[in-house]
Amino acid sequence: MEWWWQLLLGLGTVTPIWAGDELLNVCMKAKHHKREPGPEDQLYEECGPWKDNACCTFNTSWEAHLDVSLLYSFSLLHCGLMMPDCQKHFIQAVCFHECSPNLGPWIQPVGLSGQGERILDAPLCREDCEQWWADCHTSYTCQSNWHGSWDWSRGKSRCPARAPCHPFPYYFPTPADLCEKIWSNSFKASPERRASGRCLQKWFEPAQGNPNVAVAGLFAGSAPSLELSCILMAFSLSLPFFY
């Protein structure tokens, strides 16, 4: 029992360390992201709001606007012409994913190698999901998860066999379905509105500043650091030896 008390007293002297800055102003380890965020002289159209502090380059921002994106060879025209207002939402979402340095609290490793990262359950504001869904009502797609299987035989995404094209509401009955299913839960449909400061905007007016900086700070503030997690794990694993 003496060892147990010594360890417990030792933990009492440890100053809690929180992830905080470790999750703020960072870029994902991903194919097209810069190693660290910084200003760009220019970013193309819908990616422009991140120009002052971006994880993307101009070339990436330009490629995000193509009908068949050079970033991932994905075609927004896999079911014919997409309505302009709908296509704009997808371009903004790609810009948000590629350029934002405020996704740290939701970055997760991909696989066991740790060589790549993705975002998971990043909370999009209610208005963002609702407007995206409304503007895509009359556009068509052939599956609900765009990370799913596609026919790549011609070098770009085409609908797989027995995957018919239908209007978006067929595959996405609600705004939450669209936000959450489209890219394997990269986004989560938040019930919070933009003014709450507790959800992310996939696009914003540059003149009004980036609202996602404060949101990332709010979520990062409750995340324990790796150092503290390791200390607590060591303590829990050592308990059986004291009995």
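For the reader, a short list of remarks on this structure follows.
- Sole residue being on the phi < 0 side of the Ramachandran plot and surrounded by fewer than 23 Cβ atoms within 10 Å (Cβ to Cβ), chosen from 134, 122: 134
- Members of the stretch 146-162 that are loosely packed, with under 13 Cβ neighbours inside 10 Å and either over 15 Å from residue 72 (Cα atoms) or charged (D, E, K, R) (or both): 154, 161, 162
- Among residues of the stretch 172-188 that are closer than 13 Å to residue 130 by Cβ and modelled with pLDDT of 95 or more, those with a Cβ under 6 angstrom from a residue that is open to solvent by 30 Å² or more (accessible area, probe 1.4 Å) and in a helix (DSSP H, G or I), sequence gap 6+ or separate chain, pair up as 175/130; 175/133; 178/133.
- Residues (assigned to a loop (DSSP other than H, G, I, E, B), of a type in the set (Phe, Trp, Tyr) and under 23 Å from the mean Cα position of the chain (by Cα)) located in the stretch 123-160: 146, 150
- Residue that is least open to solvent (accessible area, probe 1.4 Å) [pool: residues in the stretch 163-204 that are over 14 Å from residue 93 (Cβ atoms) and of a type in the set (Ser, Thr, Tyr)]: 190
- The combined condition, being assigned to a helix (DSSP H, G or I), touching a residue at least 12 places away in the same chain (Cβ under 8 Å) and closer than 17 Å to residue 159 by Cβ, is not fulfilled by residue 96.
- Residue within the stretch 96-105 that is crowded, with 21+ Cβ neighbours inside 10 Å and either modelled with pLDDT under 95 or among the polar types (S, T, N, Q) (or both) present: yes
- Every listed requirement among (1) over 29 Å from residue 35 (Cα atoms); (2) surrounded by 16 or more Cβ atoms within 10 Å (Cβ to Cβ) is met by residue 128 save one, (1).
- Per-region count, the stretch 177-197, residues of a type outside the set (D, E, K, R) and assigned to a loop (DSSP other than H, G, I, E, B): 8
- Pairing each residue of the stretch 130-145 that is under 10 Å from residue 172 (Cβ atoms) and in contact (Cβ under 8 Å) with a residue 12 or more places away in the chain with any residue that is part of a helix (DSSP H, G or I) and among the hydroxyl-bearing types (Ser, Thr, Tyr), provided the two are 6+ apart or on different chains, yields C-beta distances under 7 Å for 141/171; 144/171.
- Scan of the stretch 45-88 for residues that are out of contact with any Cys (no Cβ under 7 Å at 6 or more places or on another chain), part of a helix (DSSP H, G or I) and open to solvent by less than 50 Å² (accessible area, probe 1.4 Å), ordered by number: 48, 49, 60, 63, 87
- Restricting 207, 163 to residues that are outside any loop (DSSP other than H, G, I, E, B) and hydrophobic (A, V, I, L, M, F, W, C) narrows the list to 207.
The values are calculated or read from the model by the stated rules, or taken from the named source; none is laboratory data. From a predicted model like this one, the values you see are computed outputs, not experimental measurements. Cβ coordinates were reconstructed from backbone atoms using ideal geometry, including for glycine residues, and neighbour counts include every protein chain displayed. In case anyone asks, the SASA skips ligands and DNA or RNA and just uses the protein heavy atoms, side chains included. Shrake-Rupley method; radii C 1.70, N 1.55, O 1.52, S 1.80 Å.
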